[in-house]
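Notes follow once the structure below has been shown.
Coordinate-derived values only; no laboratory data. None of these values were measured; they are calculated from a predicted model.
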């Protein structure tokens, strides 16, 4: 039964990556897809560690990095909204 759960989580991970590649118009949608991918990785890590009877200290480190990534993404989103007024990627120029 746990193997079936791992396959479902892997499918959700692949679909999250696919949706991340398709929805490149808004920064907020890209951040939500990244959060979805990280949650799938967290669920897969939990299932793998519970199958191998390991400690969960690595998961705590993973959650801390996950929260830091989310805060950094939201701060960049707020910065872009204050400077440019929207979160479209198509209107920004490098030059």
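Expressed as an acute angle from 0 to 90° and rounded to the nearest 10, what is the orientation of the C-alpha long axis of helix 27-52 relative to the principal long axis of the chain? It works out to around 10 degrees.
Against the main long axis of the alpha-carbon atoms of the chain, helix 57-84 sits at an angle near 10°.
For the chain, with a Gaussian network of springs between Cα atoms less than 10 Å apart, report the residue from 72, 19, 27 with the top mean-square fluctuation. Result: 72 has the largest fluctuation of those listed.
Which residue fluctuates the most in the chain, going by a Gaussian network model with Cα springs under 10 Å, if the choices are 49, 33, 60? It is 60. To the nearest ten degrees, helix 2-22 and the longest principal axis of the Cα atoms of the chain are 10 degrees apart.
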